[in-house]
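The next block holds one structure in the form of structure tokens; read it before the comments.
The numbers here are math on the coordinates, done by the rules we state, and not lab data. What you see is a predicted model, and the numbers here were worked out from it, not measured in a lab. Virtual Cβ from ideal backbone geometry, glycine too; neighbours counted across all protein chains shown.
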Amino acid sequence: MARKNNKSSFGPGFLVTAAFIGPGTVTTCSLAGANFGYALIFALVFAVITTIILQGMTGRLSLGSGLDLAQSLRGHSQNRWTRILFIILTLSSITLGCAAYEAGNIIGGSLGLNLITPVPQKVWVVLITLVAMLILGAKKYHLVEKVLIFLVFIMSLSFITTLIIIKPDISAILRGFIPTFPKNSLFIVLALIGTTVVPYNLFLHSSAVKEKWKTKEDLKNVNRDLLLAVCLGGFISISIVVTSAVAFHAGGIPLENGIQMAQQLKPLFGSFTNIIFGIGFFAAGMSSAITAPYAAAFASSGILNWKGGQNSKGFRAVWMGVLLAGMTVSLLNLKPLSVIVFAQVANGIILPMASIFLLVVLNNRRQMGQLVNTLCQNIIGGIIILIVSALGLWNIFKLFLK
């Protein structure tokens with residue numbers, strides 16, 4: 001069994017990367033580069049480190065306890081009302097949140113294909129939804145895993161090739177690793193962190209690790225997979241910031257819409273501009289369009305204690321509902337602002353709560369055994385929790401400033 005695991009030692013980490021490198025991340029990174037050059041790269045470095053630490057905690061939770069995060073949340077409290085609160089918060093944050101943002105993922109993927117083909121965008125919306133439905137309907141975790149690894153590879157090839165072609169100033173990029181806050185940059189800094197440290201990824205990764213690996217000896221595989229995948233995702237994000245900085249910030253050109261992100265690169269890439277950017281944007285949208293319903297289904301299954309895993313009717317109903325909601329909003333051009341606002345508030349609450357709960361469970365020696373937290377891990381985890389709690393509260397507070 002161990003030998004088999006070693007042959008297939010990558011997967012869950014790439015689900016995390018596929019989830020956070022979506023159209024929202026591509027757009028946010030493009031705006032960061034266009035408006036502030038390389039100055040905000042430090043925010044992505046912090047976000048990547050935070051993601052690795054938090055997702056590493058969820059992976060260790062699954063290996064040590066044999067439960068994913070949603071199952072642990074459900075079983076932690078014996079108090080009925082506390083358990084109900086956990087269930088409401090989790091379902092609100094994860095399921096409704098995924099449904100609200102799925103439209104952006106599908107639209108993003110369709111925009112990428114619309115850049116390189118004459119096919120109408122709404123046709124691509126339907127086709128992307130159907131492809132995602134077929135992949136998830138196969139009920140095979142390993143199929144989803146392989147598809148997402150492939151899409152991450154396509155994203156990497158597209159954006160990193162772009163980075164190599166433009167030959168940016170490496171010393172200027174390195175200066176971006178030093179924290180600075182240019183005027184009016186705080187909102188983009190928070191957005192860069194928020195699009196990378198995704199609450200539903202905590203549930204998705206713990207469920208995926210539990211699905212793929214079973215023993216404590218697999219911790220090295222979990223960490224290696226996570227480190228490679230998230231660092232690759234961070235490098236993709238930084239590549240987009242750099243590319244945008246060269247194309248827009250260096251020439252003082254404002255970035256105002258999605259199509260312009262590709263068109264303004266034409267002097268650099270000529271006739272290949274739309275192809276390079278379109279493929280990358282499609283891969284970003286498609287990967288997130290698959291992972292969002294998958295995460296919602298895993299979280300709902302665990303928190304509601306459904307039996308049968310991916311074969312249960314409830315599991316299938318959740319991811320199907322998220323996909324159909326995203327397609328409907330995409331086709332009708334609706335703006336699900338009220339749901340998104342609610343999801344932001346719920347996410348602002350659930351991320352700190354889930355992080356605190358992770359730290360509590362990881363200190364339970366009876367449950368975690370040899371994988372129990374060390375003093376150093378507690379200190380690092382505590383600092384991360386303070387930061388994500390502050391970010392969560394800020395995300396709630398800023399809603400009332402609009």
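Length gained on full extension, residue 324 to residue 375: 13.8 nm, using 0.36 nm per residue less the C-alpha separation. Within the stretch 95-178, the chymotrypsin sites (Phe, Trp or Tyr not before Pro) that combine a DSSP coil assignment with at most 16 other C-beta atoms in a 10 angstrom radius are 177. Could you list the residues of the stretch 179-209 with an amide nitrogen less than 12 Å from a label point located 7 Å from the Cα of residue 387 in the Cα-to-C-beta direction? Flagged as within label range: 179, 193-194, 197.
Each principal axis of the Cα cloud of the stretch 37-191 was evaluated for its coordinate range; sorted largest first, these ranges are 57, 44, 31 Å. By the equivalent-ellipsoid construction on the alpha carbon gyration tensor, the stretch 99-219 comes out with semi-axes of 30, 25, 17 Å, ordered largest to smallest.
Its Cα centre serving as origin, the stretch 2-399 has a Cβ charge dipole (Lys and Arg +1, Asp and Glu -1) of approximately 1080 debye.
Loop-located trypsin sites (Lys or Arg not before Pro) across the stretch 272-332 with a Cβ neighbour count of 12 or fewer within 10 Å are 307, with loop assigned by DSSP.
Taking a ≥ b ≥ c as the square roots of the Cα gyration tensor eigenvalues, with a/c under 1.5 meaning rounded and otherwise prolate when a/b beats b/c, else oblate, which class fits the stretch 2-399? Note, shape of the stretch 2-399 comes out prolate. The residues 142, 205, 249, when put in order of fewest to most other Cβ atoms within 10 Å, stand as 142, 249, 205. Here the simple spin-label model places points 7 Å from the Cα toward Cβ, and for residue 123 and residue 214 these points are separated by 4.8 nm. For the stretch 22-37, backbone phi angles converted through the Karplus equation (6.51, -1.76, 1.60; θ = phi - 60°) give residue-by-residue couplings of x, x, x, 5, 4, 5, 4, 5, 5, 5, 4, x, 5, 8, 10, x Hz, Gly and Pro being listed as x.
Per-residue Cβ neighbour counts within 10 Å put 173, 128 in the sequence 173, 128, beginning with the fewest.
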